[in-house]
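See structure below.
The values are calculated or read from the model by the stated rules, or taken from the named source; none is laboratory data. For clarity, every value in this text was computed on a predicted model and none was experimentally measured. Glycine also receives a Cβ, built like all others from the backbone with ideal geometry; neighbour counts cover every protein chain displayed.
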Amino acid sequence: MKTETELIDDGLLLRRMLAGDEDSFTFLYRRRHPAIYRFALHMSGNVALAEDVTQEVFMTLIRDAKKFDPARGTLSGFLFGIARNHLRRRWEQDRHSTALPNDADELDTLLAVCAGAGKGSHSNGNGNGRGPFLVSRDEFASLETVGRVRQAIGTLPQNYREAVILCELEEMSYEEAAAALNCPVGTVRSRLHRARALLAEKLHDEQPLRRASAVGG
Amino acid sequence: MDCVQFREIYHELDRPGTSGFIFRERALAHAEACAGCGALLTDGEALDFALRNLAQQRDGSVASPRVEAALLREFQRVKHVGQQRRIYRQLAILSTAAVILLALGLGVHYRIVSKARNTPPQVASTVVKPAAETPVISATPASPNSSKAALASNTQSKPASVNPPDDNEYAEEFVPLPYADDPAALEGGAIVRVTLPRSALASFGLPLTESDGTDRVAADLVVSQDGTPQAIRLVSQATPNSEF
């Protein structure tokens, strides 16, 4: 059951924030920043950059909240638009696109899995070995696939990457994504379609190579 | 459904509100019948699975608390600046209003004062209508000490018209003043009733009269057209004139 505060919509929280209510700003930040942070993290693959972008997005909201027009879209779309602009500016300044798999946690997990598989484990009779650091083969495959998908997303053109992240990872509707990207719904749909085709192609192309390496050793 | 239509919608079969969601059953039926489209569907489902896993992996990701702390500091700073600006704006509005009111007040005051200065003083009709009678000027000139200035400083003019001495008054003959013009030029002049200090009579060359208890005497002045007194005569009141 939602609390009273959780039932308050973004528009009311924003008005209270503009009136100087710090608690309303805090609640609004905690409600909306995770999606912004994830978007920046998926786009950049860099935790520090994602935090910087998140901070800049909400700094902009604090200073220019009056620029938000409810008639033009949701607050969430407004914030994603700001995040997108900040990311583009950072890339323009840095002049490089950071590849995705720089997540230390993900790497540690994969290394731990590999170490556990090498030590061996007692079987429970079903062929699923379990040990302190060992995960099941399915989980390993899942982690590996996730890593490959993340890598593949990082190689997409920026417009396609944005469409995949917003529509597939953040589960936005076409309309919400269109508002965030400031483009028509049809454009979002076609970009997503093309992006998925490219991702499927990349993942499919890697599979024969992986099967060959597995057989070989 | 054909393969072209399938390829357009197969990536959104699970997305509500899309054409893929609407034609989902037809698309699945086509995929079962078409190997190529079936393979596309399988790849798409595998991609969906991977994307969902990726999304779940990041689901709880949030920025570190330092970000929130920095934002709250900025919020407080902007709020403080905003309050100061509001105060300054109110002060500016009040100051502007005060200046405008002050300017209006000064303007009104200046207009009132200017009007008062420009209004000519009400001259109680001191000089007056032309002489009702031809002044008779005696041959005895006034004392050389008499002067126009003494006349001006010691006389008080009687307002309203000057009439010839009435039954209650006794007037002597006009005595010309030392600087008097040719008597023939007095035509068109006026006779002005004045009151003089008794002591001023000597300056006009007139003998001091016996005091009747008042220190002022009534006199008639003959004034030429240019306003210069030409002659004077004393007017005695049968009853004291309390006018001055």
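Tabulated data for the structure shown
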item: Any hit, segment B:72-82, residues being touching a Phe, Trp or Tyr at 6+ places or on another chain (Cβ under 6 Å) and farther than 28 Å from A:Gly45 by Cβ; result: yes
item: Count - residues of segment B:21-62 that are within 30 Å of A:Val47 (Cβ to Cβ), of a type outside the set (Lys, Arg) and part of a loop (DSSP other than H, G, I, E, B); result: 4
item: Helices (runs of 4 or more DSSP H) within segment A:1-86 that include 2 or more residues surrounded by 20 or more Cβ atoms within 10 Å (Cβ to Cβ); result: A:10-18, A:22-44, A:47-64
item: Of all residues making up segment B:41-69, the number that are at the interface with another protein chain (Cβ under 7 Å from one of its Cβ atoms) and either in contact with a helix residue (DSSP H, G or I) (Cβ under 6 Å, 6 or more places away or on another chain) or under 27 Å from A:Gly147 (Cβ atoms) (or both); result: 15
item: Residue, nearest to A:Arg194 (Cα to Cα), within segment B:6-20, restricted to residues that are in a helix (DSSP H, G or I) and either of a type in the set (Phe, Trp, Tyr) or without any contact (Cβ under 8 Å) to a residue 24 or more places away in the chain (or both); result: B:Glu8
item: Within segment A:135-178, tally of residues that are crowded, with 22+ Cβ neighbours inside 10 Å and modelled with pLDDT under 65; result: 0
item: Identity of the residue in segment B:21-40, within 22 Å of B:Leu51 (Cα to Cα) and free of Cβ contacts under 8 Å to residues at least 12 places away in the same chain, that ends up nearest to the other protein chains (Cβ to nearest Cβ); result: B:Ala39
